[in-house]
1. Just give me the residues in region 238-276 being among the hydroxyl-bearing types (Ser, Thr, Tyr) and without any contact (Cβ under 8 Å) to a residue 60 or more places away in the chain, in sequence order.
2. Scan region 1-43 for residues that are surrounded by fewer than 19 Cβ atoms within 10 Å (Cβ to Cβ), over 16 Å from Thr169 (Cβ atoms) and among the charged types (D, E, K, R) and jot them down.
3. If the requirement is being within 13 Å of the chain's Cα centre (by Cα) and charged (D, E, K, R), which of these qualifies: Glu264, Glu230?
4. Only one residue in Ser265, Ser259 is surrounded by 24 or more Cβ atoms within 10 Å (Cβ to Cβ) and either over 19 Å from Val222 (Cα atoms) or not assigned by TED's automatic domain parsing to the domain that holds Glu230 (or both), so which one is that?
5. Only residues in region 57-76 that are over 30 Å from Asn243 (Cα atoms) count as the first member; pair them with residues that are buried (at least 23 other Cβ atoms within 10 Å of the Cβ) and of a type in the set (Gly, Ala, Ser), Cβ under 7 angstrom, at least 6 apart or cross-chain, and list the lot.
6. Run Glu123 past the list (1) under 15 Å from Ile68 (Cα atoms); (2) in contact with a His (Cβ under 8 Å, 6 or more places away or on another chain) and report the number of the one that doesn't hold.
7. Pull up region 162-179, narrow it to residues that are in contact with a Pro (Cβ under 9 Å, 6 or more places away or on another chain), in contact (Cβ under 8 Å) with a residue 60 or more places away in the chain and part of a loop (DSSP other than H, G, I, E, B), then point me to the one that is nearest to Leu342 (Cα to Cα).
8. Please determine, by comparing only the residues of region 321-344 that are in a helix (DSSP H, G or I) and in contact (Cβ under 8 Å) with a residue 24 or more places away in the chain, which one is surrounded by the fewest Cβ atoms within 10 Å (Cβ to Cβ).
Amino acid sequence: MKTSDFDYYLPERLIAQTPVEPRDSSRLLVYDRAKDSIEDKIFRDLPQYLRAGDVLVINDTKVIPARIYGSRVRDDGSLGAAVEVLLLKRVDYTHWECIARPARKLLPGRKIYFSDDLSATVESCGDEGVRTIEFEFRGVFEDILDRVGNMPLPPYIHEKLKDKTRYQTVYCRQEGSAAAPTAGLHFTSELLRKIEDMGIIVARVLLHVGLGTFRPVKKDDVLDHKMHSEFYQVSEQSADIINAAKHEGRRVICVGTTSVRTVESAADKVGHICAGSGNTEIFIYPGYEFRIVDALITNFHLPQSTLIMLVSALMGREKTLEVYRHAVEQEYRFFSFGDAMLVL
């Protein structure tokens with residue numbers, strides 16, 4: 001299975017630069033696998049495709065202002081060239097796994113200055129610019145980060161985000177992500193209430209989005225790609241909700257690929273969700289047998305990415321590319337701030 005098998009043509013003008021207002025006015029492509037049919041809808045039409053007893057799985061991670069800019073500290077203590085650090089995963093109270101640029105200048109022992117109350121030392125190096133960095137700070141780290149950090153928008157978004165909350169879901173709770181679970185950006189509080197009033201049960205899970213999302217597939221053969229680990233957590237309550245649905249034959253609908261990776265990571269071989277937490281490196285591509293997921297709400301993903309491979313595992317590769325061609329022809333908006341797709 002070649003990485004190039006998951007390529008498709010996308011005009012640059014279809015890469016969404018800003019979110020739509022209101023959130024649920026984005027477009028929704030509905031693909032029904034049983035009928036092999038496509039419908040072009042608006043996201044607020046989603047309730048038409050849900051029914052009482054369905055379980056809607058959402059990832060309530062919260063994006064932190066994870067991109068911080070600083071300066072290298074020279075050997076004589078003076079400040080040198082500018083550097084950029086993207087926080088990926090917290091290791092402990094003071095240590096973070098990060099992407100650092102320029103990586104070749106940030107070797108172990110190098111000190112970085114961010115502000116009078118925040119500095120850091122590079123401790124170790126990994127692949128593709130990954131560094132383990134120890135931070136030194138005076139005060140509460142999260143408060144300092146909120147002041148000096150920036151929202152970690154993807155590199156294909158060139159417009160400045162006017163409202164930082166638009167890169168958060170309305171249901172976010174637990175801080176720790178370096179990127180938003182973007183399928184959830186389409187929900188409003190009102191739409192969620194309407195869905196719950198219909199008898200759909202919402203189950204919250206957690207996956208802190210990190211390098212597993214950012215890291216491109218650079219291997220020619222998909223099977224040679226290794227996913228980076230990301231922290232996930234499933235509560236007893238959510239596990240019970242999902243397990244009851246599977247036992248009773250009710251649908252489990254995941255909002256976003258991160259929710260898919262969470263529930264599939266937490267499932268045992270017989271399709272039973274186990275409550276708990278850990279780190280997952282799960283890589284889902286065609287041939288994967290889903291144990292939990294019955295349907296998916298997702299955005300349109302980058303060519304040759306692990307995310308389009310996950311969608312292809314659910315829909316089939318050729319059908320996924322066919323549906324993406326339809327989305328391009330109909331000028332859907334793509335990627336993080338783009339439109340959505342419902343796969344039934």
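1. Answer for region 238-276, where residues must be among the hydroxyl-bearing types (Ser, Thr, Tyr) and without any contact (Cβ under 8 Å) to a residue 60 or more places away in the chain: just Ser265.
2. Lys2, Asp5, Asp7, Glu12, Arg13, Asp32, Arg33, Lys35, Asp36, Glu39, Asp40, Lys41
3. Glu230
4. That would be Ser259, the only listed residue that is surrounded by 24 or more Cβ atoms within 10 Å (Cβ to Cβ) and either over 19 Å from Val222 (Cα atoms) or not assigned by TED's automatic domain parsing to the domain that holds Glu230 (or both).
5. Ile64/Ser177; Ala66/Ala178
6. (1)
7. Per the criteria, the residue is Thr169.
8. By that ranking, first place goes to Arg325.
The values are calculated or read from the model by the stated rules, or taken from the named source; none is laboratory data. All figures in this text were calculated on a predicted structure; none of them were measured in a lab. Neighbour counts are summed over all protein chains in view; Cβ atoms, including those assigned to glycine, are modelled from backbone coordinates with ideal geometry.
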